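J.: First the structure, then my questions, so here it is.
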Amino acid sequence: MSAIYRLARDKMALVGLGIIIVIVAVGIFAPYLAPHDPVQVDLGQKLARPSAEYPLGTDHLGRCILSRLIYGTRVSLSTAMLVLTVIIFISVPAGTISGYVGGRLDNIVMRIIDILLAFPGLVLALVIAGMLGPGLLNVMIALGAVWWVGYARIIRGMVLSVKEKEFILAARSCGTSHSKIIFRHILPNVLSPVIVLATLDMGSLILAISGLSFLGLGAQPPMPEWGAMLNDGRPYMQAAPHLMLFPGLAIMLVVLAFNLLGDGLRDAFDPKGTMRG
Amino acid sequence: MKQYLIKRLFYLIPVMFGVSIITFGLINLAPGDPAEIILRSSGVEPTLEAVDALREELGLNDPVYIQYGRWFRDVLHLDLGQSYRTGRPVAEEIFSRFPATLELTVAAIFFMLLISIPSGILAALHRHAFVDHLSRIWALAGASLPGFWLGLLLIYYFSVKLGIFPVMGRGGLDHLVLPAVTLGFGMAATYARLLRASMLEVLGQDYIKVARARGLKEKLIVGRHALKNALLPVVTAFGMSFGHLLGGAVIVETIFAWPGVGKFFVDAIFNRDYPVIQGYALFMAVVFVIVNLLVDIAYVFLDPRIRLERGRQV
């Protein structure tokens, strides 16, 4: 049974995929879908309850929450995608070269990874973002600098096992150059699991980015970002609880969708569970 | 065993050396000249002469390796510099706040175990039944729910609306409930699923069949024979999770105004209190490394097979 077929039969994964398609579409067509300008301040309308004009109400500056949520889709998705791209651009060469070349180089890369892993969870990302100062770009740099490590480890492991396969030995005995072996034979075998891994990780990345923005480190005002919107709504919890309800739901929905699709992809591409680490 | 421990400790030396280099290098990420930052934070106009004088005084004109050597020597004496904001030694500030963070983390772990062990066992014993589906949905929701949002919802419902728990701060047990639940919730779901999988594997083993054939009570089989072995993978995952809890504590402490290291660190970021940020990074790495070491040792004690194998291999 092929992986695509297995995936197509996984209802939960399809639900996840469906939600993601809708959300991406919302992001792309944000200017057409949003009823208001997401950064338009109207203090006369502040903290308004949901109404016909403002379907999800307004925030403390009278900005339309629905419009901000719709535009926030762009921020969350594009930031996470960008960070993932950076992660892949660092981890694929690091993991591949480390695994393929081996020896001292492998040793050095592995020690660097060990050192970065000595900092718990997201602490190092928080510290780097804290040193660089608040800003979405700084958060992206911080997450990229820390997050590639797990990928590099897994990629290295995969390269090590592919390297010993007979078709690689055959290619080498034919005198194929190392770079050709890496690009033609090793990378194609490594990339599809990496894509699965990346999908699984989109959810966690979106959570991390919105968490950092919630702390005030990421997106800066007036940018409509879900985590920052939650933080903005905190002081008005009693008077206007809807301020913190909808951004949280939006984050949860997107993360859930990526987790559903990621789980499905993992089961489809890796039925034996070798990627569960 | 002793040999394994010695090797494990020996391996820590290069790692901690690397950690110290990263922490030392962090200050270079801060925008601007350190001397200028210090002058500004103490309210002195950073004229060219003042900056030059301070640079000389701080030894910032020396080669990097000499600066590192000096910094490292201070760190070994637990001198992490002084907080720009409070003027007190960073190490003292961190140590005085760590008990609060530890209290929160331990409470979160307690909550996590309280929920995940029974639900993991139930889900395994009633595979594909209602309980199992419920635990699966919960695991998915737990992994997707932003912790900071859960914290806000809990405050809104239990503190603002019902008035059962205090909104923020540290105090008695009632202060601890909401932050601990917020911190432990997501992980509880993950652990319940982990325990379920590992229980199912153990329950399929021959010795469980033998125990059943001998007519032992199901309670005894599950409680004594299966659970003990099923908990092993959970222990392994624990070291990693502790790290996630320490990272997560930063957000939870901020939401609940919990006076721990995490909140102190976040405040330091917005005050550009760089020695505190640096000290926090180093301190957390040391705590994490020690916890992982303890988990490894615990694992060796729990599983004699590993003890023998690792003793030979490592």
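J.: 222 nm [θ] for chain A, helices only, -39500 (n - 2.57) per DSSP H run of 4+, per residue, to 500?
T.: The helix contribution divided over chain A gives -23000 deg cm²/dmol.
J.: Oh, and also: Return the FRET efficiency for the residue pair B:Ala141, B:Phe10: r is the Cβ-Cβ distance, R0 is 25 Å, and the value is rounded to the nearest 0.05.
T.: FRET efficiency, B:Ala141 to B:Phe10: 0.05.
J.: Taking N as the number of residues in region B:173-314, what is its Cα Rg relative to 2.2 N^0.38 Å?
T.: Output field value: 1.40.
J.: Could you give the angle, 0 to 90 degrees to the nearest 10, between helix B:130-144's Cα long axis and the longest principal axis of the Cα atoms of chain B?
T.: Tilt relative to chain B: about 10 degrees.
J.: Check every DSSP H run in chain A and write down those whose alpha carbon atoms cover 20 angstrom or more along the long axis and whose mean Kyte-Doolittle hydropathy is 0.5 or greater.
T.: A:11-28, A:65-101, A:103-117, A:136-163, A:187-214, A:242-269
J.: Report Rg (one decimal) and Dmax (nearest whole number) for the protein assembly as shown, counting Cα atoms only, units Å.
T.: Radius of gyration, then largest Cα-Cα span, for the protein assembly as shown: 25.7, 87 Å.
J.: Moving to a separate point now. For the pairing of chain A with chain B, what total accessible surface becomes buried, with a 1.4 angstrom probe, in square angstrom to the nearest 100?
T.: Summed over both sides, the interface buries about 3800 Å².
J.: Modelled label-to-label distance, B:Phe270 and B:Val286, 7 Å Cα→beta-carbon offset: nm?
T.: The two pseudo-label positions are separated by 2.8 nm.
J.: Run the helix sum for chain B: -39,500 (n - 2.57) per DSSP H stretch of 4+ residues, divided by residue count, reported at 222 nm to the nearest 500 deg cm²/dmol.
T.: Calculated at 222 nm, the ellipticity per residue is -25000 deg cm²/dmol.
J.: Still on this structure: Return the FRET efficiency for the residue pair A:Lys165, B:Val64: r is the Cβ-Cβ distance, R0 is 51 Å, and the value is rounded to the nearest 0.05.
T.: Values: r = 45 Å, r/R0 = 0.88.
It comes out at approximately 0.70.
J.: Let me ask you something else. Can you work out D for region B:2-85 in µm² s⁻¹ from Stokes-Einstein, where Rh is the Kirkwood radius over C-alpha pairs, the temperature is 4 °C and the viscosity is 1.567 mPa s? Walk me through the intermediate numbers first.
T.: Working: Rh = 15.0 Å.
Calculated translational D: 86 µm²/s.
J.: Still on this structure: Can you list which of the trypsin sites (Lys or Arg not before Pro) found in region A:196-277 are DSSP loop residues with at most 16 other C-beta atoms within 10 Å?
T.: For trypsin sites (Lys or Arg not before Pro) across region A:196-277 that sit outside H, G, I, E and B with at most 16 neighbouring Cβ atoms in 10 Å, the list reads A:Lys272.
J.: Measure off, as a whole percent, the carbon and sulfur share of the 1.4 Å-probe accessible area of region B:150-264, all protein chains present.
T.: On the way: 3280 of 5110 Å².
The C+S portion of the solvent-accessible surface of region B:150-264 is 64 percent.
J.: Can you tell me the accessible area per residue over chain A, all protein chains present, probe 1.4 angstrom, in square angstrom?
T.: 44
J.: What size of dipole, in debye to the nearest 20, comes out for the protein assembly as shown about its Cα centre when the only charges are +1 on Lys and Arg C-beta atoms and -1 on Asp and Glu C-beta atoms? Intermediate values should be presented prior to the final figure.
T.: On the way: 50 positive and 39 negative charges, 555 e Å.
In total the dipole reaches around 2660 debye.
J.: Identify all lysines with a Cα-Cα distance to A:Lys11 below 29 Å; exclude those on the same chain that are fewer than 8 residues away in sequence.
T.: A:Lys272
J.: Could you calculate the contour length gain from B:Tyr157 to B:Leu76, that is, 0.36 nm times the residue separation minus the distance between their Cα atoms, to one decimal place in nm?
T.: That pair, B:Tyr157 and B:Leu76, stretches by 24.5 nm at full extension.
J.: By how many degrees, between 0 and 90 and to the nearest 10, does the Cα long axis of helix B:64-76 differ from the longest principal axis of chain B?
T.: 60
J.: Contact order normalised by length for region A:54-196, with contacts defined as Cα pairs under 8 Å and 6 or more residues apart; what percent is it?
T.: 26 percent.
J.: Provide, in order from the shortest bin, the percent of all Cα-Cα pairs of region A:186-277 in each 10 Å bin, continuing until the bin that contains the maximum pair distance.
T.: Percent of Cα pairs in each bin: 16, 35, 24, 17, 7, 1.
J.: If every alpha-carbon in region B:17-155 counts as one equal scatterer, what log10 I(q)/I(0) does Debye give at q = 0.17 1/Å?
T.: Here log10 of I(q) over I(0) equals -1.04.
J.: Cross-link candidates for B:Lys217: which lysines have Cα within less than 29 Å, leaving aside residues fewer than 8 places away along the same chain?
T.: Within reach: B:Lys209, B:Lys228.
J.: Let me ask something else. Convex hull volume of the Cα atoms in chain B, per residue, in Å³? Could you put the intermediate results ahead of the total?
T.: On the way: hull volume 52.4 nm³, N = 314.
Value for chain B: 167 Å³ per residue.
J.: Under 15 Å from the Cα of A:Lys163, which aspartates and glutamates turn up, not counting those fewer than eight places away in the same chain?
T.: Cα-Cα hits under 15 Å: A:Asp106.
J.: Given R₀ = 51 Å, FRET efficiency for B:Ser41-B:Arg305 by Cβ-Cβ distance, to 0.05?
T.: On the way: r = 55 Å, r/R0 = 1.09.
Calculated transfer efficiency: 0.40.
J.: Could you tell me the largest-minus-smallest coordinate of the C-alpha atoms of region A:1-148 on each of the three principal axes, in descending order and whole angstroms?
T.: 67, 49, 23
J.: Might you tell me the accessible area per residue for region B:98-270, computed with a 1.4 Å probe and given in Å²?
T.: On the way: 7690 Å² over 173 residues.
Per residue, region B:98-270 has an accessible area of 44 Å².
J.: With a 10 Å radius around each residue's Cβ, average the other Cβ atoms per peptide and rank B:157-170, A:80-93, highest first.
T.: Answer by packing, highest mean first, reads A:80-93, B:157-170.
J.: Still on this model: Send over the semi-axes of region B:144-244's equivalent ellipsoid, whole angstrom and largest first, taken as the square roots of 5 times the C-alpha gyration tensor eigenvalues.
T.: Each semi-axis is √(5λ); the values are 38, 15, 11 Å.
J.: Among B:Ile21, A:Phe214, B:Asn229, flag the residue with its Cα farthest along the positive direction of the charge dipole of the protein assembly as shown, charges on Cβ as +1 for Lys/Arg and -1 for Asp/Glu.
T.: Going by the Cα projections, it comes out as B:Asn229.
J.: Write down, largest first, the equivalent ellipsoid semi-axes of region B:98-270 in whole Å, where each equals the square root of 5 times an eigenvalue of the alpha-carbon gyration tensor. Could you put the intermediate results ahead of the total?
T.: Details: eigenvalues 253, 54, 36 Å².
After diagonalising the Cα gyration tensor, the semi-axes are 36, 16, 13 Å.
J.: Taking the Cα atoms of chain A, report the difference between the largest and smallest coordinate on each principal axis, in whole Å and largest first.
T.: Principal axes ranked by extent give 77, 45, 27 Å for the Cα atoms.
J.: When the Kirkwood radius is taken over all Cα pairs of region A:57-102, what Stokes-Einstein diffusion coefficient follows at 10 °C and 1.306 mPa s, in µm²/s?
T.: 119
J.: Using only Cα atoms, find the angle between the long axis of helix B:304-313 and the longest principal axis of chain B, and express it within 0 to 90 degrees, rounded to the nearest 10.
T.: It is inclined by approximately 50 degrees.
The values are calculated or read from the model by the stated rules, or taken from the named source; none is laboratory data. What you see is a predicted model; the values in this text were computed from it and never measured. So basically every Cβ, Gly included, is an ideal-geometry build from the backbone, and we count neighbours across all protein chains shown. Surface areas here come from the heavy atoms of the whole protein model, side chains and all, with no ligands, DNA or RNA. Shrake-Rupley method; radii C 1.70, N 1.55, O 1.52, S 1.80 Å.
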